[in-house]
Amino acid sequence: MEPSVSAGEVSFAWFGGACVVVQTQGYTLVFDPADHLVDSDIAALSGTVITLFSNHLDDHFHERTAMKLIDMKGSLVVGTEAVCRALASFAPSMKLLELKPRRGFRAGPLRIFAVEGKHEVPTNLYYVTWGPSLFFAGDTGYVDLSKLKAELAFLPAGGSQYSKPEDSAKMAIELGARYVVPIHCDESEAKRLAELLEGKVSVLVQAPRTLYKLSL
């Protein structure tokens with residue numbers, strides 16, 4: 001990842017599935033890495049690393065990847081009760097943070113909050129603000145986001161029975177997003193989300209492992 005990003009900027013890359021790595025304000029946020037990151041990817045992460053898991057299902061969460069992020073980068077791991085329980089026997093307690101919906105914490109200039117997702121298992125969506133804001137939804141059905149505002153949104157466009165392009169398009173409009181990155185989907189689902197938001201929001205259909213940098 002790019003080593004320096006100014007206050008109003010973010011750099012990010014999508015690694016497949018719901019895995020997104022975002023860098024801003026000297027922090028690197030790793031969302032839902034599952035098994036998409038290899039050792040060299042983790043070694044390249046810079047700044048203070050925080051890993052955030054939506055839920056404990058294996059397309060979002062892998063114990064081995066979480067432990068690699070802790071061991072190699074000293075990452076704090078944030079997630080649901082099930083995520084923290086799965087890691088409790090392996091990880092130092094100070095490196096685990098169970099975050100319930102409507103709760104948050106501060107990391108330097110970042111404020112990070114959990115929002116309850118719509119899924120068969122308890123699922124966190126994450127809202128991150130530091131002046132500009134971003135929203136991450138790894139896999140969810142429609143959730144009312146009209147009380148939040150985010151310039152950048154990572155939204156699922158498919159990949160499960162829960163997430164649909166139509167739902168994510170509605171959430172993007174509610175957030176007032178300037179940029180949307182489709183995740184947790186195939187190319188046709190990403191293009192469908194882009195069609196639904198054409199003329200309203202800039203949709204970035206990413207190639208895996210391609211670094212983007214935006215001014216927010």
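Values quoted throughout were computed directly from the atomic coordinates according to the rules given, and no laboratory measurement underlies them. Treat the numbers as computed from the prediction; the structure is a model and nothing was measured. We place every Cβ from the backbone using ideal geometry, glycine too, and count neighbours over all the protein chains shown.
Can you tell me the 0 to 90 degree angle between the C-alpha axis of helix 165-175 and the longest principal axis of the chain, rounded to 10?
That helix lies at roughly 80 degrees to the long axis.
With +1 on the Cβ of every Lys and Arg and -1 on the Cβ of every Asp and Glu, and nothing else charged, how large is the dipole of the range 9-201 about its Cα centre, in debye rounded to the nearest 20?
Around 800 debye, computed over the range 9-201.
Kindly provide the helix-only [θ] at 222 nm of the chain, computed as the sum of -39,500 (n - 2.57) over DSSP H runs of four or more divided by all residues, to the nearest 500 deg cm²/dmol?
Taken over the chain, the calculation gives -5500 deg cm²/dmol.
Given points 7 Å out from each Cα along the Cα-Cβ axis, report the residue 121 to residue 89 separation in nanometres with one decimal.
It is 1.6 nm.
By how many nm would the segment from residue 146 to residue 64 grow when fully extended, if each residue of separation counts as 0.36 nm and the alpha-carbon distance is taken off?
Here the segment from residue 146 to residue 64 would lengthen by 25.9 nm.
Looking at the chain only, what percent of DSSP beta bridges run antiparallel? Nearest 5 please.
55 percent
May I ask you to order 57-63, 194-200 by the average number of other C-beta atoms within 10 Å around their residues, highest value first?
Peptide ranking by packing, descending: 57-63, 194-200.
What number, in percent, do you get for the relative contact order of the range 9-201 if the mean sequence gap of Cα pairs under 8 Å and at least 6 apart is divided by its residue count?
RCO, the range 9-201: 14 percent.
Tell me the relative contact order for the range 122-180 as a rounded percent, counting alpha carbon contacts under 8 Å between residues six or more apart. Working shown, then result.
Values: 107 pairs, mean separation 19.4, N = 59.
For the range 122-180, the relative contact order is 33 percent.
Beta carbons within 10 angstrom, averaged per residue: use that to sort the peptides 132-145, 178-191, highest first.
Top of the packing list down: 132-145, 178-191.
Remind me, relative contact order of the range 112-216 in percent, using alpha carbon pairs under 8 angstrom and six or more residues apart?
21 percent
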